[in-house]
Amino acid sequence: MGAGAATAAATGSGTTVRLPLASAEHERAPAPSPRRVYIETYGCQMNISDGELMAGILERRGYAVAETPGQADVVLVNTCAIREHAERRVLGRVSQLNGLKRDNPDLVIGVTGCMAQRMGDTLLERAPYVDLVMGPDGYRELPERLDALAEPGRRLSVLSLDPAENYEGLEQRRTSRISAWVPIQRGCDHRCTFCIVPYVRGPEKNRRPEEVLAEIRGIAAGGVTEVTLLGQTVNSYARGDWNFARLLAGVACIPGIRRVRFTSPHPNDVTPELVAVMASEPAVCEQLHLPAQSGNNRTLKRMLRRYTVESFLERVEMVREAIPDIALSTDIICAFPGETRSDFEDTLDLLRTVRFDDVYTYRYSPREGTPATRMPAHWFIEDGEAAARLRELIEVARAVQTEINRSEVGRVEEVLVEKEARGPGQMLGRTRRGKVVAFSAPTSLEGAYATVELTGTSGATFTGRRLANGSQPPEPT
């Protein structure tokens, strides 16, 4: 053994390995360790997908992904702007991260996503420890912008909305080997008066169908068998002579893809052609998220939803006639400006009439820049009344859900096993209809399919018993 030794960084682990050399004259300088990035995501499935996109972009530029903020050189907080509460949480979290910056002055803190786009330079003023503010159309430039921050004292905001940016040609760093989010559309052409999305994500931009299908073929080749197609109003997708129904059918036919879901559709684009594909393609799951927002026509008109309660119910009837076993979920906003007690009762009646399997309930949250904030002051609901309506809305929604789920105890379902449950020896999975089930199984079953009898329910989730005739997903090719 020679006297000299060279030091090289092992990029996969961040550790240092010492290798003996023949002589000291061959000593080399240590290889630089890659910069490490930690991405923390808040909000919807599109935000989760955007977090994977940013990680993929940075990995291809030599970054490593850190497991914790304390291990990182760059911390990106990927944000949502739909509700004020979500923004307050992010501001609090960024303030906490500033503690790390006191110990590591070179740490870069960035805020990305919808909240960053909405607040812009104001965020730099309110949080002087934030170095980068980047909206949803800036991610392609992320490595270069981070490089620019190496200049001492420099801070950046990247807020341009690009009507052509749909991130074609870039690959996400997928965090799950079980299920994949696949954005097919960004932005939104609707102008619902309560919604900030068109102002922070821009107009609707749809990806080329050939690229979407190629991406999903690659996902299937890697052994992932479930995909969820994402868009702000996903079923309004149109590119050339492709509409969403044709794209959905194409995805469902890809070898190795066993389950296809999509979110979030707009009721107006639930067409007979789309329903026919859902009913005829075995891979398309018997699940549909159909945001109603309100059960009162006057409120829907003020929301600019462009449908009525009656036309919404017609679509529900069309779907259930074609797919009787479908599980329906919805979004509901209560205490929207101008909503009377009678209007609110109409919404409760809609829940009882349709009997949704799941309801995502919200109290109206004013978003600066949206038309609803400019409605007459006397239309706005007092906080106490708004909170009371939300509690009542949740109570009715949960009562219906509990009744439905209790009626399903005893069913035998195919479950895709996703992760360990809280109970010892328990795994958690999801049925084709989106119902969550906990049952006894070994951890080796993660990513596989199991046949499970539903044995009980807590109201929202199920317990189950695994039967012998489960099946495994195909091996990666």
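Structure data summary
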{"read-out": "Whole-Hz couplings from phi, Karplus 6.51/-1.76/1.60, listed for the stretch 418-435; x for Gly and Pro", "value": "9, 6, 6, 8, 5, x, x, x, 9, 10, 10, x, 9, 7, 4, 8, x, 7"}
{"read-out": "Listed residue (Gly369, Pro291, Phe194) projecting farthest to the positive dipole end of the stretch 179-408, Cβ model", "value": "Gly369"}
{"read-out": "Relative contact order, percent, the stretch 36-158 [alpha-carbon distance under 8 Å, six or more residues apart]", "value": "23"}
{"read-out": "Mean Cβ neighbour count within 10 Å, used as a protection proxy, ranking 89-98, 197-206 highest first", "value": "197-206, 89-98"}
{"read-out": "Counting all C-alpha pairs of the chain, share separated by more than 45 Å (%)", "value": "17"}
{"read-out": "Charge dipole magnitude, Cβ of K and R +1, D and E -1 - the stretch 38-118, Cα centre, debye nearest 20", "value": "260"}
{"read-out": "Candidates per GluC sites (Glu not before Pro) in the stretch 93-194, loop by DSSP, up to 15 other Cβ within 10 Å", "value": "Glu168, Glu171"}
{"read-out": "Gain upon complete extension [Asp189, Glu345; 0.36 nm per residue less C-alpha separation]", "value": "53.1 nm"}
{"read-out": "Dipole magnitude of the stretch 189-304 about its Cα centre (Cβ charges: Lys, Arg +1; Asp, Glu -1), debye to nearest 20", "value": "420"}
{"read-out": "Beta bridges by DSSP in the chain, antiparallel share as percent, to the nearest 5", "value": "40"}
{"read-out": "Potential extension, Gln96-Arg61 segment - 0.36 nm per residue separation minus Cα distance", "value": "9.8 nm"}
{"read-out": "Helix-only [θ]222 nm of the chain, DSSP H runs n ≥ 4, -39500 (n - 2.57) each, per residue, nearest 500", "value": "-10000 deg cm²/dmol"}
{"read-out": "Normalised contact order of the stretch 412-466, rounded percent, pairs of Cα under 8 Å and 6 or more residues apart", "value": "35"}
{"read-out": "17 Å reach of a label modelled at Met375, 7 Å along Cα-to-Cβ, counting backbone N of the stretch 288-316", "value": "292-309"}
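Laboratory data are not the source of any read-out in this text; all were calculated from the coordinates shown. For clarity, every value in this text was computed on a predicted model and none was experimentally measured. Heads up, the Cβs are rebuilt from the backbone with ideal geometry, glycines too, and the neighbour counts pull from every protein chain shown.
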